Structure formats: structure tokens, C-alpha cells
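Here is the structure we will look at.
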Amino acid sequence: MATTRWPMLVSVSSPSRIRAATPHDAAEIGAIYDEAIASGVATFAAGPHDAEERTRWLEARSHRAPVWVLDDADGVVGWSALAPFSHREWYDGVAEYTVYVAARAHGRGLGGQMLDALISEAPGLGYWKLVGMILEDNAGGMALAASRGFREVGTHHAHGHVNGEWRDVTVMELHLEQAR
Ligand SMILES: CC(C)(COP(=O)(O)OP(=O)(O)OC[C@H]1O[C@@H](n2cnc3c(N)ncnc32)[C@H](O)[C@@H]1OP(=O)(O)O)[C@@H](O)C(=O)NCCC(=O)NCCS
């Protein structure tokens, strides 16, 4: 089962807590994902993502593609993930990160806590750099990355399409070993 392969993250301040995702979290992860998809600015993914689909997704992920969730007093209100950026071995140390917070919990510092936790866990998984691929118009995604010192690399034009429209994607990066 996927949960046993991923390290437990350090807890963040009470009452919120970041921990490795389990299949029991699949429905909440899917609901938070689908809510962000409906915003039209967060991802190219299309929903819906129900518990069964997200359970298969969790179980297919490798040791170096972990998923974590953030609990607060109301239950799961966010999830985060790392995944290898490329299949090429010389980019083994580069991960793409993902952070999603339920809309009802935005603006409380939870996204920042989850990204801080990813930054602290990534080197232990062999990653030396985190990359974020942020769609145009995603002010929250850009602000979150910038708040943690990510550098804007540039913008891919017409990099994918959502609802039939071509969309630009801005690349953000944070080197975990070199200060730049
Ligand atoms: C991006 C996201 C995770 C931010 O979560 P959050 O819990 O609201 O963020 P935080 O409260 O921790 O804020 C982190 C920083 O970003 C800023 N920020 C967050 N949302 C913002 C917005 N919509 N506009 C401007 N700034 C914003 C905060 O002011 C804060 O900056 P600071 O540390 O300098 O004060 C959330 O909006 C979300 O889930 N969006 C959908 C998924 C997504 O786009 N993820 C990013 C790409 S993986």
C-alpha cells in the first residue's frame, strides 16, 4: 500500500497536520482537485476524480512521487505531491511539485505550510530542485511559489489547452542546494 512507502512529514503547528496520504483520503483529495479544476486556472486536468480513481492514482505512485495531505479540525483541507520532472536520468534530481488547498481554507497559510514541507522533504528523496508549472491567471499559484523564493524561469506559450482554449504556462523553480 502506498502509505507505507512515503516518509511522514514533520507536523506543522496545531491544529493542522501534514501526513502521508492513504486510500482513506482519496475522496477528499479528489473533491479538492475537482474544485480547483472548476476554477479553470489551476490545472490542465479534467475531472471528476472520485475515490476509486484517486485510490488507483495513489497506489500507482512510486516512492519518489509521494502524496501528502493536510488535516485541520474539519478533516482533510489540502494535499500536496512531488513527481519526477523528467524520465531522463540526468534530471533525476528535479521534481515537479503540486499543492492544492480547499477553497474554504484559502488564505490561512496552509498552502505555504505544505510547500515548506515539500521543500524540506525533497532532498531526502534525492531531489535538488523543485519546479512549478503555473497556468496564466493563477495568481494564487504564482504568489505561493514567489513567497517561498521560487525564481520565474519563463513562460511557455500555448503549452496546453483547457476547455478548447490554448493556455500559457509559467515555469517557477527553486534550487534546493544552490542559492541563486
Ligand atoms: C495556490 C494555493 C495552494 C494557495 O493556498 P493558500 O493556502 O491560500 O496560500 P497561503 O495562504 O499559504 O498563501 C501563501 C502566499 O501566497 C499568497 N497568496 C495566496 N493566494 C493568493 C492570491 N490568490 N493572490 C495573491 N496572493 C496570494 C499569500 O499572500 C501568501 O504570501 P505571503 O507568504 O508572502 O504572505 C491555493 O490557492 C490553491 O489550492 N489553488 C488551486 C491549486 C493551485 O493552483 N496550486 C498551485 C499550483 S500546483
Residue by residue through the range 38-69, note down the ones that are modelled with pLDDT of 95 or more and assigned to a helix (DSSP H, G or I).
Ala51, Glu52, Glu53, Arg54, Thr55, Arg56, Trp57, Leu58, Glu59, Ala60
Would you mention how many residues in the range 75-104 are under 19 Å from Arg19 (Cβ atoms), surrounded by fewer than 18 Cβ atoms within 10 Å (Cβ to Cβ) and touching a residue at least 24 places away in the same chain (Cβ under 8 Å)?
1
Quick count over the range 26-56, residues being away from the ligand (no atom under 16 Å from the Cβ) and of a type outside the set (Lys, Arg), is 8
In the range 147-178, the residues that are in contact with an Asp or Glu (Cβ under 8 Å, 6 or more places away or on another chain), touching a residue at least 24 places away in the same chain (Cβ under 8 Å) and of a type in the set (A, V, I, L, M)
Val169, Val171, Met172
When the residues of the range 105-154 are filtered to those that are more than 14 Å from the chain's Cα centre (by Cα), among the hydrophobic types (A, V, I, L, M, F, W, C) and under 14 Å from Val171 (Cα atoms), which remaining residue is surrounded by the fewest Cβ atoms within 10 Å (Cβ to Cβ)?
Ala139
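The values are calculated or read from the model by the stated rules, or taken from the named source; none is laboratory data. Because the structure is predicted, anything quoted here is derived from the model rather than measured. With ideal geometry, Cβ positions are generated from the backbone for all residues, glycine too; neighbour counts draw on all protein chains shown.
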